[in-house]
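Structure record follows, encoded as structure tokens.
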Amino acid sequence: MPENINEFYKLLPDSIAGWKKADSPAIYTPENLSTYIDGGAELYISYNFKNALSMKYLDSADNEINVDIFEMGSAPDAFGVFAHSRETLDDRFGQGSEYAAGLLTFWKGRYYISILAYPETEEKKDVVFKLGQTIAGGIGSEGALPPIIGLLPADNLLPETVRYFHHYIWLNSFYFVSNENVLNIGNDTPAALGKYRKGGATFFLLLVRYPDAPRAEAAARQFQKRLLDGAEDGMRPTKEGRWTGLRCRGDLVSVVFNAPDAPTVRAILDKIKT
Amino acid sequence: MKPRESISRRQFIKSASAAAIGTTLLLSGQETTAPAKGGKSRVVLVRDLKVLDENGRPQYAVVEEMLDSGIKALTDMPDPQSAWKTIIKPDDIVGIKNNRWPYLRTTAEVENALKKRIIEVGVKETNISVDDLGVLQNPVFQKATALINARPMRSHHWAGVGSLIKNYIMFIPEPISIHPDSCADLASIWNLPVVKGKTRLNVLVMFTPQFHSFGPHSFNPKYVWKYYGLMLGFDPVAVDAIGLRVIEAIRREYFAEERPLNPPAKHIAIADSKYHLGTADPEKIELVKIGYDKESFV
């Protein structure tokens, strides 16, 4: 297993199916990642990005296949950045992958990998997959999933929708909650979000784990006051007749959004094992 | 906090951000509104199926026709030449601020069509420049008396969308300094002397807008939508607000459910409410549609 990000360059073959590895890879840090990723650096930095190796494979016509390997702060962070925009479940590469129209992404251990070949051709896709297998094989051990996602009740959960984050910006992933940090989400508050579907209704469950119960209670009070009109039972219907419900138990705050009725809110909140 | 926004504003925010949990939306400063000059801000949407060839490449002649139709409708002038004379003078020094993002550019066709009409007004070719990353070092932009702002709209990992408002980010030496809170204060750039009051026209290129981001470089051809459109306006906030409605609608169409942009593109509403750069209120926007109108989403 590579000890550091530079070793991935040595791990990859000098040539593959007529594509040659370019001479020098680029290394990016949190300070200069934005010079490489136009507008996307903050997403990675919000998942404790450490550094990245970027390299190219070129064919005789100078077409490119771009390989980017991101070392994140932890395996949960690598999962989080991978799952951020995941649409499907696919485990062909690493601990979870997605391929669409020339772009392969996957995560394994504390690494998130992107291999990009636009425009897509069958030949390039084959090379992309081989490179993906080589990189995934070179990362010896798997990483742990964020523990908090294990608290999402499995019944009616759409597993491909599970998200993990610790920056409030990602609170609105499926459902607009607020432009502000109404739950005081930060680096020390892991959060999980999942989409549920039952009887034609789609609703969402958010879990946030705080360092201690007082912080959880403070966040819950703030949410109740600002978004639930102070509802003491933590439940409120929206104008559209959907239900939002919050429960704080110990250091865990759970919020259900867009539920079809109050019993659905209570039922899913009751299933959460703290 | 009690709801303070008007119905129309609430409708816009909801449109911009999909479902909300209730009436309370914590958008700072949203209780104030920016008055639109002369009543409503006019936004012209021009669409033509012929603008893209079978490989998705823009066709110059069609782009030029679309721009001409748009500028005529925007200015109420009978022909493009007289329309351009209302916004550009022969002695102007003109910077065309484009966007060079490799996967979805402003396009040379749009840039060249703009340049052609500006030259016809009488502006010397040496007094016109097209630039993106180098605007602060570009002598034409340094002396510019007029700016044309032209870019495609796309989903963006941190700002919600890459917008006309956001396109001026390269006019500050450290673009990353505007990034906190998902680029909420992008409109503040428009108050800097280098750009303030200079923008004569905004062109939002909607030939193939990107409605969803995936992967480190944000782009995937799976998530671009052939919309065949151009939007023109003097008010960048109004044009962005309409563009954003299109992006949100495409997301609903593609994903077959409400799928808010993540993060929300709040910098557009804040450009109105806090910086009074223009209006994001649909009731204060006059939308003029020209050409193909199926699946226009607005």
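If you take the residues of region A:39-61 that are of a type in the set (D, E, K, R) and out of contact with any Gly (no Cβ under 9 Å at 6 or more places or on another chain), which of them is farthest from the other protein chains (Cβ to nearest Cβ)?
So the first thing to find is which residues in region A:39-61 are of a type in the set (D, E, K, R), and the list is A:42, A:50, A:56, A:59.
If we keep only those that are out of contact with any Gly (no Cβ under 9 Å at 6 or more places or on another chain) too, we end up with A:42, A:56.
On the way: A:Glu42: 4, A:Lys56: 13 Å.
If we take residues in region A:39-61 being of a type in the set (D, E, K, R) and out of contact with any Gly (no Cβ under 9 Å at 6 or more places or on another chain), then A:Lys56 is farthest from the other protein chains (Cβ to nearest Cβ).
So, in region A:107-165, how many residues would count as being among the small types (Gly, Ala, Ser) and within 14 Å of chain B (Cβ to nearest Cβ)? Before the answer, list the steps.
Let us first name the residues in region A:107-165 that are among the small types (Gly, Ala, Ser), namely A:109, A:114, A:117, A:132, A:136-138, A:140-141, A:143-144, A:150, A:154.
With the extra rule that they be within 14 Å of chain B (Cβ to nearest Cβ), the set shrinks to A:114, A:117, A:132.
Number of matching residues: 3.
For region A:82-91, name all the residues that are more than 9 Å from chain B (Cβ to nearest Cβ) and either buried (at least 22 other Cβ atoms within 10 Å of the Cβ) or free of Cβ contacts under 8 Å to residues at least 40 places away in the same chain (or both).
A:Phe82, A:Ala83, A:Asp90, A:Asp91
Please work out which residue is surrounded by the most Cβ atoms within 10 Å (Cβ to Cβ), limiting yourself to region A:190-200 and to residues that are part of a strand (DSSP E or B) and within 14 Å of chain B (Cβ to nearest Cβ).
Taking region A:190-200 first, the residues part of a strand (DSSP E or B) are A:191-198.
Narrowing the set further to residues that are within 14 Å of chain B (Cβ to nearest Cβ) leaves A:191, A:193, A:195-197.
Values: A:Ala191: 24, A:Leu193: 27, A:Lys195: 22, A:Tyr196: 21, A:Arg197: 13.
Of everything passing the filter in region A:190-200, A:Leu193 is surrounded by the most Cβ atoms within 10 Å (Cβ to Cβ).
Touching a residue at least 40 places away in the same chain (Cβ under 8 Å) and either over 18 Å from B:Ala271 (Cα atoms) or β-branched (Val, Ile, Thr) (or both), is that true of B:Leu164?
Numbers: touching a residue at least 40 places away in the same chain (Cβ under 8 Å): yes; either over 18 Å from B:Ala271 (Cα atoms) or β-branched (Val, Ile, Thr) (or both): no.
The answer is no for B:Leu164.
With the condition kept exactly as written, say whether any residue in region A:153-165 is out of contact with any helix residue (DSSP H, G or I) (no Cβ under 7 Å at 6 or more places or on another chain) and within 26 Å of A:Ile45 (Cβ to Cβ).
yes
Within region A:238-257, count every residue that is part of a loop (DSSP other than H, G, I, E, B), within 26 Å of the chain's Cα centre (by Cα) and small (Gly, Ala, Ser).
Kept after step one, since they are part of a loop (DSSP other than H, G, I, E, B), are these residues of region A:238-257: A:238-242, A:250-251.
So of that shortlist, the ones also within 26 Å of the chain's Cα centre (by Cα) come out as A:250-251.
Applying the additional criterion that residues be small (Gly, Ala, Ser) yields A:250.
Total satisfying the criteria: 1.
Every residue in region B:189-248 that is within 14 Å of another protein chain (Cβ to nearest Cβ) and among the aromatic types (Phe, Trp, Tyr), please.
In the first step, residues of region B:189-248 are kept if they are within 14 Å of another protein chain (Cβ to nearest Cβ); the result is B:208, B:210-225, B:244, B:248.
Across region B:189-248, the qualifying residues are B:Phe211, B:Phe214, B:Phe219, B:Tyr223, B:Trp225.
Considering only region B:251-260, state which residues are among the basic types (Lys, Arg) and in a loop (DSSP other than H, G, I, E, B).
If we filter region B:251-260 for residues that are among the basic types (Lys, Arg), which is where we start, we get B:251-252, B:259.
Across region B:251-260, the qualifying residue is only B:Arg259.
Which count do you get for residues in region B:249-264 that are within 14 Å of chain A (Cβ to nearest Cβ) and at pLDDT 95 or above?
Filtering region B:249-264 down to residues within 14 Å of chain A (Cβ to nearest Cβ) leaves B:251-252, B:254-264.
Those still in the list that are at pLDDT 95 or above too: B:251-252, B:254.
Residues flagged as within 14 Å of chain A (Cβ to nearest Cβ) and at pLDDT 95 or above within region B:249-264 amount to 3.
Going by the conditions given, is A:Glu122 at pLDDT 95 or above, surrounded by fewer than 16 Cβ atoms within 10 Å (Cβ to Cβ) and outside the structural domain of A:Lys20 (by TED's automatic domain parsing)? Give the steps one after another, and end with the answer.
Details: at pLDDT 95 or above: yes; surrounded by fewer than 16 Cβ atoms within 10 Å (Cβ to Cβ): yes; outside the structural domain of A:Lys20 (by TED's automatic domain parsing): no.
Here the answer is no, as A:Glu122 does not meet what is asked.
Within region A:233-244, restricting attention to residues that are touching a strand residue (DSSP E or B) at 6+ places or on another chain (Cβ under 7 Å) and farther than 21 Å from A:Asp212 by Cα, which residue is farthest from the other protein chains (Cβ to nearest Cβ)?
Selected residue: A:Met235.
Given the criterion among the hydrophobic types (A, V, I, L, M, F, W, C), more than 24 Å from A:Glu98 (Cβ to Cβ), within 14 Å of chain B (Cβ to nearest Cβ) and without any contact (Cβ under 8 Å) to a residue 40 or more places away in the chain, identify the matching residue among A:Phe203, A:Phe176. Walk me through how you get there before you give the answer.
Working: A:Phe203 fails: without any contact (Cβ under 8 Å) to a residue 40 or more places away in the chain.
Matching residue, one of A:Phe203, A:Phe176: A:Phe176.
When you go through A:Asn187, A:Asn181 one by one, which is the residue that is within 20 Å of A:Ile148 (Cβ to Cβ), in contact (Cβ under 8 Å) with a residue 12 or more places away in the chain, in a loop (DSSP other than H, G, I, E, B) and away from chain B (no Cβ under 14 Å)? Quick ask: steps written out before the conclusion?
Values: A:Asn181 fails: away from chain B (no Cβ under 14 Å).
Going through A:Asn187, A:Asn181 in turn, just one is within 20 Å of A:Ile148 (Cβ to Cβ), in contact (Cβ under 8 Å) with a residue 12 or more places away in the chain, in a loop (DSSP other than H, G, I, E, B) and away from chain B (no Cβ under 14 Å): A:Asn187.
Yes or no, residue by residue, for (1) without any contact (Cβ under 8 Å) to a residue 60 or more places away in the chain; (2) surrounded by fewer than 19 Cβ atoms within 10 Å (Cβ to Cβ); (3) farther than 15 Å from B:Met170 by Cα; (4) touching a helix residue (DSSP H, G or I) at 6+ places or on another chain (Cβ under 7 Å):
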position	(1), (2), (3), (4)
B:Val110	no, no, yes, yes
B:Glu125	yes, yes, yes, yes
B:Gln142	yes, yes, no, no
B:Ala146	yes, no, yes, no
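Quickly run through region B:135-165 and pick out the residues that are part of a strand (DSSP E or B) and hydrophobic (A, V, I, L, M, F, W, C).
Residues satisfying the conditions are B:Ala146, B:Leu147, B:Ile148, B:Ala150, B:Met153, B:Val161.
Rundown of residues vs (1) of a type outside the set (S, T, N, Q); (2) surrounded by 24 or more Cβ atoms within 10 Å (Cβ to Cβ); (3) at positive phi; (4) part of a loop (DSSP other than H, G, I, E, B), yes/no style:
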residue: B:Asn167; (1), (2), (3), (4): no, yes, no, no
residue: B:Val203; (1), (2), (3), (4): yes, yes, no, no
residue: B:Met231; (1), (2), (3), (4): yes, yes, no, no
residue: B:Val237; (1), (2), (3), (4): yes, yes, no, no
residue: B:Ala249; (1), (2), (3), (4): yes, no, no, no
residue: B:Pro263; (1), (2), (3), (4): yes, yes, no, yes
residue: B:Asp272; (1), (2), (3), (4): yes, yes, no, no
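If a residue must be more than 18 Å from A:Thr161 (Cβ to Cβ) and part of a helix (DSSP H, G or I), how many such residues does region A:44-77 contain?
4
Spot the failing condition for A:Ser173; the list is (1) surrounded by fewer than 20 Cβ atoms within 10 Å (Cβ to Cβ); (2) in contact with a His (Cβ under 9 Å, 6 or more places away or on another chain); (3) among the polar types (S, T, N, Q), and only one is missed.
(1)
Could you count how many residues in region A:20-41 are over 15 Å from A:Tyr112 (Cα atoms), among the polar types (S, T, N, Q) and in a loop (DSSP other than H, G, I, E, B)?
Count: 2.
Quick grid of which residues meet (1) assigned to a loop (DSSP other than H, G, I, E, B); (2) in contact (Cβ under 8 Å) with a residue 24 or more places away in the chain; (3) surrounded by fewer than 19 Cβ atoms within 10 Å (Cβ to Cβ):
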| residue | (1), (2), (3) |
| --- | --- |
| B:Leu45 | no, yes, no |
| B:Glu54 | yes, no, yes |
| B:Ala61 | no, no, yes |
| B:Leu67 | no, yes, no |
| B:Ile88 | yes, yes, no |
| B:Asn99 | yes, yes, no |
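Could you go through region A:258-271 and let me know if any residue there is in a strand (DSSP E or B), surrounded by 24 or more Cβ atoms within 10 Å (Cβ to Cβ) and not β-branched (Val, Ile, Thr). Reasoning before the result, please.
Residues of region A:258-271 in a strand (DSSP E or B): A:258-259.
Filter once more, so that each one left must be surrounded by 24 or more Cβ atoms within 10 Å (Cβ to Cβ): A:259.
Right, trim to not β-branched (Val, Ile, Thr) and you get A:259.
Within region A:258-271 (the criterion being in a strand (DSSP E or B), surrounded by 24 or more Cβ atoms within 10 Å (Cβ to Cβ) and not β-branched (Val, Ile, Thr)), the answer is yes, since at least one residue qualifies.
With respect to B:Ile178, determine if the residue is away from chain A (no Cβ under 14 Å) and either hydroxyl-bearing (Ser, Thr, Tyr) or surrounded by fewer than 24 Cβ atoms within 10 Å (Cβ to Cβ) (or both). Talk me through it step by step, then tell me what you get.
Numbers: away from chain A (no Cβ under 14 Å): no; either hydroxyl-bearing (Ser, Thr, Tyr) or surrounded by fewer than 24 Cβ atoms within 10 Å (Cβ to Cβ) (or both): yes.
The answer is no for B:Ile178.
Only one residue in B:Ala271, B:Ala241, B:Ala256 is touching a residue at least 40 places away in the same chain (Cβ under 8 Å) and more than 12 Å from the chain's Cα centre (by Cα). Which one?
B:Ala271
The values are calculated or read from the model by the stated rules, or taken from the named source; none is laboratory data. Since we're looking at a predicted model, the values are computed, not measured. In this analysis, Cβ positions are derived from the backbone assuming ideal geometry, glycine residues included, and neighbour counts consider all displayed protein chains.
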